[in-house]
Amino acid sequence: MGVTDTTHTNLAMRLRWEITDGSMPPGTKLPSTRELAAQHGVHRKTIMKALKVLASEELIVTLPGRGSYVAGGNRTDKPKDVLEWHLLSTTSPGQPLPATDEICRQNGVSGSTARRVLTDLLHRGVLYRNGKLLYRR
């Protein structure tokens, strides 16, 4: 079923097409490097090189320990946008958010980025504070 691309450039081009033609809309989690390697008949290192190219083009965002995701449709996703999306997609209304240092560790962002996102979500009414904890509204 998979195409046997032999170079990371060809693979990046194929994935780029799937992203830009809408086959993989923003927020879509990409298959693991193992799954992609099996699908395309290439080594995982080739997959990682291709993903690095797409990340440099800001078409995908990789969250350490979470995987790679298609970036927003306007290609201007920055770590704070991805962090906001991740926080809201992994918590339910009324559920407390992890501590800031845990958010940083899980998402590979700086403390200032995490605080900026949390402050913005508080001001927009998406989160609320109860004591020292933040909760999703």
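Just to be sure I follow the rule: in the chain, considering lysines 8 or more places apart or on different chains, how many pairs have Cα atoms under 23 Å apart?
Here the count comes out as 9.
Which residue fluctuates the most in the chain, going by a Gaussian network model with Cα springs under 10 Å, if the choices are HIS40, HIS123, HIS86?
Among HIS40, HIS123, HIS86, the largest GNM mean-square fluctuation belongs to HIS123.
Quick check: residue separation of THR7 and SER112 times 0.36 nm, minus the Cα distance between them. What number comes out in nm?
34.0 nm
Under a plain spin-label model, where a point goes 7 Å from the Cα along Cα-to-Cβ, how far apart in nm are THR119 and SER89?
Each label point lies 7 Å from its Cα, and together they span 2.6 nm.
Rg/Rh for the chain to two decimals, with Rh computed the Kirkwood way over all alpha-carbon pairs.
1.05
For a label point 7 angstrom out from the Cα of LYS80 toward its Cβ, which stretches of segment 116-130 have the backbone nitrogen within less than 13 Å?
Counting backbone N atoms under 13 Å from the label point, the list is 116-124.
By the gyration tensor of its Cα atoms, with a ≥ b ≥ c the square roots of the eigenvalues, what is the shape of segment 8-70: rounded for a/c under 1.5, prolate for a/b over b/c, or oblate?
Because its axes are fairly even, with a/c under 1.5, segment 8-70 counts as rounded.
If the label point is 7 Å along Cα→Cβ of THR100, which residues in segment 122-137 have backbone nitrogen under 16 Å from it?
Answer for this model: 122-123, 128-135.
So for the chain, taking the charge dipole from beta-carbon charges (+1 Lys/Arg, -1 Asp/Glu), which of VAL70, ASN10, SER112 sits furthest toward the positive end?
SER112
Using Cα-Cα distances under 8 Å and only pairs 6 or more residues apart, what relative contact order does the chain have, in percent?
For the chain, the relative contact order is 20 percent.
Determine, for TYR135, TYR69, TYR128, the number of other Cβ atoms within 10 Å of each Cβ, and report the residues in order from fewest to most.
TYR128, TYR135, TYR69
Rounded, prolate or oblate, given the Cα gyration tensor of segment 79-136, with a/c below 1.5 counting as rounded?
Rounded is the answer for segment 79-136, as its axis ratio a/c remains below 1.5.
Just so you know, all these numbers are worked out from the coordinates, no wet-lab data involved. Remember, it's a predicted structure, so these values are computed and weren't measured experimentally. Here Cβ is always computed from backbone atoms with ideal geometry, including for glycine, and neighbour counts include all displayed protein chains.
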